[in-house]
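Participant: Handing you this structure, nothing more for now.
Please treat every number below as a calculation from the coordinates, not as lab data. For clarity, every value in this text was computed on a predicted model and none was experimentally measured. Heads up, the Cβs are rebuilt from the backbone with ideal geometry, glycines too, and the neighbour counts pull from every protein chain shown.
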């Protein structure tokens with residue numbers, strides 16, 4: 001029996017929206033937004049898209065009109081009643097009322113601000129200017145849209161069975177990875193793949209496959225909408241934008257600049273406890289950050305090891321906790337940079353039993369279509385949406401891997417001096 | 001929008017029928033049935049199921065009640081108006097009106113006869129007794145039901161995503177095979193996989209994948225229902241049951257027995273021309289059959305090489321045609337025994353340009369789930385439904401591979417003498 005109404009409704013779609021909900025974003029965005037809402041609502045922060053895989057000319061693959069339609073659709077979204085109810089009533093990290101009523105009221109009234117879009121040299125120059133609390137909300141949907149429009153562009157010309165086999169292969173690949181990970185004792189792994197996902201439906205599939213395949217070893221998804229719909233944990237903590245903006249705000253006073261990343265933690269500690277107290281130390285170099293950290297920082301629950309080579313970063317964290325009189329076995333180390341089965345197994349083998357481990361598996365979970373179409377046309381790209389400027393002045397990230405550094409050269413040099421960071425070794429960035 | 005009526009309808013199913021149409025059978029059954037209808041309607045022939053893979057105890061895997069439900073459902077089927085219209089109006093092998101009005105009228109009135117079902121030593125003893133024209137119709141649906149019930153039994157306990165990945169893997173495997181075959185010039189390949197299929201929907205998927213993946217190199221399907229629904233060629237010619245019954249009918253006169261396989265061809269030639277004139281020479285040994293064949297047999301369009309090792313069988317056919325003053329380049333050799341990509345490529349490499357080639361790809365197209373579940377539980381089994389007796393006397397097949405011989409030992413010995421067949425070399429039977 002054909003449901004005529006459904007068919008007619010489907011035929012009347014003007015576009016097939018990629019992002020259909022304010023909650024189709026990473027949980028850490030909401031946590032950070034609440035911290036920003038309480039302290040820095042009026043700081044003006046510009047975010048900008050940067051495709052580090054310059055060999056992939058996205059502007060040639062993705063139609064500008066379609067991109068505008070998708071971005072405009074996001075601007076028409078607002079938090080629904082059920083979504084608001086979920087934020088108010090759900091338990092996050094074991095806590096009720098993680099979000100205060102005034103923040104949720106703000107989120108209910110939130111609409112995405114305007115965007116600026118140009119093309120330059122085969123890439124889109126896509127920026128978001130305005131109050132930090134608003135522009136920060138664009139990071140994840142903008143990235144998800146660009147990645148999914150690219151996927152759609154590549155798959156558009158494929159036959160029905162060719163497509164089915166493409167997804168069949170990708171499914172078998174994800175499932176094999178899950179079967180390999182299942183063998184690891186005490187595994188705790190989450191989906192961190194919203195921003196670079198092949199598509200929303202694909203991320204949703206991957207999450208459900210992890211639920212069935214990993215059972216309790218699957219610790220949740222960073223995606224709020226999928227967490228809501230699939231009734232799993234929403235996970236995530238914070239990102240480089242906090243120290244980047246805090247430091248830029250202190251730009252007139254180099255001593256204040258050097259203190260700024262710790263002030264992020266001091267503010268965060270007022271807002272969140274327990275497993276949300278995870279240090280992200282690499283914005284201006286991990287080693288110096290840890291060496292100069294106030295004593296209370298060592299009492300935090302754990303650390304996220306991101307741009308540093310993971311074995312090195314893990315060993316450094318253990319040494320640091322020991323120096324500070326902490327027991328690394330009680331600490332949580334979250335690994336999240338370019339993970340896939342092989343690195344996860346390697347990290348797990350090295351550190352299991354020496355620290356509590358958590359893995360945030362991103363791009364190579366939700367977008368591993370490597371080699372599945374001609375010319376590697378669906379291989380994931382390293383695309384980010386980062387803070388470009390704060391109150392009109394450039395923002396800077398150094399990171400442990402200079403390939404990931406952000407900011408004008410002279411500012412990068414100044415930050416190196418302020419944060420006492422020597423020349424670092426560049427590592428290739430896969431995703 | 002939920003279509004409530006469809007959901008309620010679906011919930012009201014008593015069983016999920018495996019065979020839903022009289023036409024869900026192989027095309028050669030209809031061709032043979034017409035020949036039987038015209039000449040031997042009243043011969044009583046018993047067909048019986050034999051599982052040559054005795055290590056798989058089907059009676060332990062398939063519930064007897066469910067098997068009876070499926071068989072009883074087949075007994076409730078009759079040719080629909082649209083199916084009858086298709087048989088009357090469609091072109092088969094380039095011909096209109098392949099089936100005469102009286103035969104179609106008979107098929108419209110046809111109902112499947114009763115069956116006998118017992119269990120013995122972990123296997124079902126399933127036999128069909130009655131007029132040949134009726135019992136012959138059971139071969140394909142009975143096999144399809146047993147194979148699909150086994151698949152259902154194995155997959156019943158699997159999780160939703162585990163199932164999806166199972167089919168994803170099987171799809172990727174079929175697609176890789178299709179991509180490999182696509183490289184062969186002048187390829188002509190058909191689906192012969194109804195009887196041993198994993199399931200109806202899976203066979204239907206495989207046919208559609210071949211349509212998209214192989215284009216004009218895909219020559220059709222043996223399955224009439226899929227041919228009708230997917231609008232592709234229905235293909236197939238004849239089987240061992242014709243010489244087996246004809247020879248058994250001549251059992252009182254050994255000279256008549258020796259002539260019987262050629263009388264099959266003489267009758268067939270009255271009914272069918274062109275590409276349907278394909279000799280199946282191996283019922284009582286290919287070599288002797290060809291050596292003793294009347295001269296008109298060599299003028300037939302081609303040969304089907306089934307139980308003989310295919311390279312040997314092909315070379316033997318070429319030599320025979322040359323001896324008989326025929327040009328092998330104009331002849332068609334159809335290979336159909338246990339085919340898969342590797343043998344197809346090997347046979348194609350050896351004979352392309354020397355004969356016209358056709359491939360009938362069966363079990364390893366529509367049921368290659370080898371190694372995809374634990375304990376190889378979905379590996380295909382070698383199960384057949386063969387003529388057991390004719391007018392109460394045993395039927396015999398020798399074949400080129402004694403592993404495939406059928407009949408009581410003393411009768412097999414007698415047939416060897418009548419057909420001048422020496423001891424043969426046994427080959428393992430995979431499918």
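Participant: Counting other beta carbons within 10 Å of each Cβ, put B:137, B:95 in order, fewest first. Each step should come with its number before you reach the end.
Facilitator: Numbers: B:137 24, B:95 13.
The order, fewest Cβ neighbours first, is B:95, B:137.
Participant: Here's something else I'd like to know. Given an 8 Å cut-off on Cα distances and at least 6 residues of separation, report the relative contact order of the stretch B:338-431 as a percent. Before the final figure, lay out the partial values.
Facilitator: Numbers: 88 pairs, mean separation 20.0, N = 94.
Averaging sequence separation for qualifying contacts and normalising by length gives 21 percent for the stretch B:338-431.
Participant: As a test, work out the antiparallel percent of DSSP beta bridges whose residues both lie in chain B, rounded to the nearest 5.
Facilitator: Numbers: 20 of 38 bridges.
Around 55 percent antiparallel, to the nearest 5.
Participant: Going out from 0 in 20 Å bins, what whole percent of all Cα-Cα distances in chain B drops into each bin?
Facilitator: 25, 61, 13, 0
Participant: Let me ask something else. If you project the alpha carbons of the stretch B:58-193 onto their three principal axes, what span does each projection cover, largest first, in Å?
Facilitator: Largest first, the stretch B:58-193 extends 49, 49, 25 Å along its Cα principal axes.
Participant: Convert 37 °C to kelvin, take the viscosity as 0.692 mPa s, use the Kirkwood radius over C-alpha pairs of the stretch B:51-126 as Rh, and evaluate the Stokes-Einstein diffusion coefficient in µm²/s, rounded to a whole number.
Facilitator: 214 µm²/s
Participant: Fewest first, what order do A:376, B:379 take by the number of other Cβ atoms within 10 Å? Intermediate results must be reported in sequence, preceding the final value.
Facilitator: Details: A:376 12, B:379 17.
In order of increasing Cβ crowding within 10 Å: A:376, B:379.
Participant: Relative contact order for chain B: what is it in percent, counting Cα pairs under 8 Å that are at least 6 residues apart? Don't jump to the answer; show the numbers that get you there.
Facilitator: Working: 729 pairs, mean separation 86.7, N = 431.
About 20 percent, as a whole number.
Participant: Write down the radius of gyration of the stretch A:163-366 and its Dmax, each obtained from C-alpha positions, in Å.
Facilitator: For the stretch A:163-366, the Cα radius of gyration and maximum Cα-Cα distance read 17.9, 58 Å.
Participant: Can I ask one more? Provide the FRET efficiency to the nearest 0.05 for the residue B:254-residue B:66 pair, computing r from the beta carbons and using R0 = 30 Å. Present the calculation step by step, with values, prior to reporting the outcome.
Facilitator: Values: r = 46 Å, r/R0 = 1.52.
Working from the Cβ atoms, E equals 0.05.
Participant: Just to confirm the number: angle between the C-alpha axis of helix B:409-418 and the first principal axis of chain B, 0 to 90 degrees, nearest 10?
Facilitator: Tilt of helix B:409-418: around 40 degrees.
Participant: What is the P(r) of the protein assembly as shown, as percent of Cα-Cα pairs per 10 Å bin from 0?
Facilitator: Here the calculated profile for the protein assembly as shown is 2, 11, 18, 18, 13, 11, 11, 8, 5, 2, 0, 0.
Participant: How would you rank A:299, B:389, going from fewest to most other Cβ atoms within 10 Å of each one's own Cβ? Could the numbers behind the result be given before it?
Facilitator: Values: A:299 12, B:389 18.
Least crowded to most crowded, the residues run A:299, B:389.
Participant: Given the options A:306, A:72, A:121, which has the most mean-square fluctuation in a GNM of chain A, springs set between C-alpha atoms less than 10 angstrom apart?
Facilitator: In this elastic network of chain A, the residue with the biggest mean-square fluctuation among A:306, A:72, A:121 is A:121.
Participant: Another question about this same structure. Quick one: helix A:200-214 against the long Cα principal axis of chain A, what's the angle to the nearest 10°, folded into 0 to 90?
Facilitator: Between the helix axis and the principal axis of chain A, the angle is about 70 degrees.
Participant: Then there is this: Among rounded, prolate and oblate, which fits the stretch B:1-102 when a ≥ b ≥ c are the square roots of the eigenvalues of its C-alpha gyration tensor, a/c under 1.5 means rounded, and a/b larger than b/c means prolate? Display every interim value, and only then the final one.
Facilitator: Numbers: a/c = 2.46, a/b = 1.21, b/c = 2.03.
Oblate, because a/c is 1.5 or more while a/b does not exceed b/c.
Participant: For residue B:100, place a label point 7 Å from Cα along the Cα-to-Cβ direction in every copy; what are the distances to the other copies, in nm, shortest first?
Facilitator: The projected label point of residue B:100 is separated from its counterparts by 9.4 nm.
Participant: For residue B:185, place a label point 7 Å from Cα along the Cα-to-Cβ direction in every copy; what are the distances to the other copies, in nm, shortest first?
Facilitator: The projected label point of residue B:185 is separated from its counterparts by 6.1 nm.
Participant: Would you calculate, for the protein assembly as shown, the mean residue ellipticity at 222 nm contributed by helices, counting each DSSP H stretch of 4 or more residues as -39,500 (n - 2.57) and dividing by all residues, to the nearest 500?
Facilitator: Helices in the protein assembly as shown give a 222 nm mean residue ellipticity of -13500 deg cm²/dmol.
Participant: For the stretch B:183-309, what does the relative contact order come out to in percent, with C-alpha contacts under 8 Å and a separation of six or more? Numbers along the way, then the final one.
Facilitator: Numbers: 128 pairs, mean separation 21.2, N = 127.
After rounding, I find 17 percent.
Participant: Between the stretch A:185-255 and the stretch A:125-174, what's the alpha-carbon centroid distance in Å?
Facilitator: 16 Å
Participant: Can you list, shortest first in nanometers, how far residue A:41 lies from the same residue in the other copies, with each label 7 Å from Cα toward Cβ?
Facilitator: When each copy's label point is compared with this one, the spacings are 9.2 nm.
Participant: Quick one: angle between helix A:310-323 and the longest Cα principal axis of chain A, in degrees between 0 and 90, rounded to 10, please.
Facilitator: Tilt of helix A:310-323: around 30 degrees.
Participant: Only bridges whose two residues both fall in the protein assembly as shown count here: according to DSSP, what percent of them are antiparallel, nearest 5?
Facilitator: Details: 40 of 76 bridges.
Roughly 55 percent of the DSSP beta bridges within the protein assembly as shown come out antiparallel.
Participant: Less than 15 Å from a label point 7 Å out along the Cα-to-Cβ axis of residue B:3: which backbone N atoms in the stretch A:1-42 qualify, by residue?
Facilitator: A:1-11
Participant: Multiplying the sequence separation of residue A:352 and residue A:80 by 0.36 nm and subtracting their Cα-Cα distance, what value in nm do you get?
Facilitator: Details: separation 272, 0.36 × 272 = 97.92 nm, distance 4.17 nm.
So the chain would gain 93.8 nm between residue A:352 and residue A:80.
Participant: Based on the alpha-carbon gyration tensor of the stretch B:278-431 and its eigenvalue square roots a ≥ b ≥ c, which shape applies: rounded if a/c is under 1.5, prolate if not and a/b is larger than b/c, or oblate? Walk me through the intermediate numbers first.
Facilitator: Details: a/c = 2.24, a/b = 1.09, b/c = 2.05.
It comes out oblate by the Cα gyration axes.
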